[in-house]
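Notes for the one structure printed next.
Throughout, read-outs are computed from the coordinates displayed, never taken from laboratory work. All values derive from a computational prediction rather than experimental measurement. Counting neighbours? That spans all protein chains shown, and the Cβs are built from the backbone with ideal geometry, glycine included.
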Amino acid sequence: MLEVENVCKEFKLYSRPWHRLKEIVMRRSYHRTHKALDNITFSVASGETLGILGRNGAGKSTLLKMLNGVLLPDAGQIKITGRVTGLLELGTGFDPNLSGAQNIVGNGLLLGMTRQQIEERRASIVEFSELGAFIHEPIRTYSSGMNMRLAFSIAIHADPDTFLIDEALSVGDGHFQQKCMRRIKEFRAKGGSIIFVSHDLNAVKMICDRAIVLSEGKVVADGHPEDAVNIYNQLLGADDEDYSERLQVEQHGYGSRQAAMENVVFKGLNSQSTILANGDTGVLEVTVAAQVDLPDVSLGLMIRDRFGQDIFGTNSHYLGHPIAMLAGERKTLRYRFPMRLAPGKYTITLALHDGADHTINCFHWHDNAIGFEVAGITGTFFGGICDLAATLEELHAPTDISNGIARNAHTQ
């Protein structure tokens, strides 16, 4: 059980390092105050998983450090029942000059385990981390992913009542992240509480029972993860009058420039955000300018995943929409397509060319012109990288498929 009541935290910010000393000597203020947390109140019940969302600087990490006892509140109170273990900044509590095996002891003691408990759990910690022989190498030789493996393995073996996680899992490989998620679900099933801070909106929806949204140090939403994610996306959209991730591309890419893309916008059909859910409709708008008369201009696109794999491509010529332009003319072209993609980050490569084939006469080509993210699945769950909108029907009369195939082959 964890309760946060009316918690506030302020920091003094100085424009110059020596202003701290100057403030003491001159007895005048040379700082400005930044309120990192402003009257925060929430609770987490036993067995509950709470997600915390917010833009950079919203106060998420400050809040977790206070829950973990690293920082103290200026006002309000935090009530915690049981042991709290935090997986916050990678490498916290590790001595880089000691081996992974030696750091198991040091970090385990910091997390509240006894030496006997550490010794009893050492083999299990090493096995879970999958570090093998590297467990005897100095921590300074570890990659960030190896650091995360060891840190998570030690923390989850400390038997906490409340587990704090702050983006650390994002540096691990996919296999180990899935392994951590399975262990987190086991921890929840046993009644453990989790506070999970992440920019992975799909993960928040999947593992959290509830989520809060922080903005400028205040709780602006507290409720179902789906609702919290929607409010978080609205906050992202409010960062700019037109958040729809624009890109001035006239100085980028290559081609003859007889026609060129001047501006690119990607957004949701009913929002200004580039973070969409599977099933939403994406809108891509490209402003094109022609330098000469062009009777048959085609705008093509290729969507790629974070590994650079081609997912989907088309162009206006394939869609039966050839574009004629006069010299000096500008047009804005709009694509609409359903986001039937798996959660993840994607980029769009654009090409402006003559006719159907971009390899013959390309006016303007721009790799990874703009990016977007699919953050969750709103409809039926699916596996793989795309949703083919499959349907299933049950036939009332059984059909002998094998016999049918045999008969067809015989008649041929």
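What value, in deg cm²/dmol to 500, does the helix sum -39500 (n - 2.57) over DSSP H runs of n ≥ 4 give at 222 nm once divided by the residues of the chain? So the helix-based figure for the chain works out to -7500 deg cm²/dmol. Computed extension length for Glu393-Lys185: 71.5 nm, one decimal, from 0.36 nm per residue of separation with the Cα-Cα distance subtracted. Considering every alpha-carbon pair of the range 247-377, the percent of pairs per 10 Å bin, from zero through the bin containing the longest distance, is 13, 45, 31, 10, 0.
Axis of helix 401-411 versus longest Cα principal axis of the chain: the two differ by about 30°, to the nearest ten degrees. Taking packing as the residue-averaged number of other Cβ atoms within 10 angstrom, the listed peptides 329-339, 188-198 run from highest to lowest as 188-198, 329-339.
Neighbour counting of Cβ atoms within 10 Å sorts the residues Val229, Val84, fewest neighbours leading, into Val84, Val229.
Using C-alpha pairs below 8 Å separated by at least 6 residues, the relative contact order for the range 100-230 is 17 percent.
Semi-axis lengths, largest first, of the ellipsoid equivalent to the chain are 47, 33, 22 Å, with √(5λ) applied to each eigenvalue of the Cα gyration tensor.
Among the listed pairs Lys35/Lys345; Lys79/Lys179; Lys60/Lys218, those whose Cα-Cα separation exceeds 22 Å are Lys35/Lys345; Lys79/Lys179.
Here the Karplus curve 6.51 cos²θ - 1.76 cosθ + 1.60, taken at θ = phi - 60°, turns the phi angles of the range 75-85 into couplings of 8, x, 8, 10, 10, 10, 9, x, 8, 10, 10 Hz, with x standing for Gly and Pro. For the chain, the relative contact order comes to 14 percent (Cα pairs under 8 Å, sequence separation of at least 6).
Under 5 Å between amide hydrogens, built in the peptide plane, is the criterion, and for Gly279 it picks out Met339, Arg340, Leu341 among residues at least 5 positions away or on other chains. Inter-part distance, the range 298-312 to the range 315-341, computed on C-alpha centroids, equals 16 Å. Please find the FRET efficiency linking Arg115 to Glu226, where r is the Cβ-Cβ separation and R0 is fixed at 51 Å, and quote it to the nearest 0.05. So the FRET efficiency works out to roughly 0.70.
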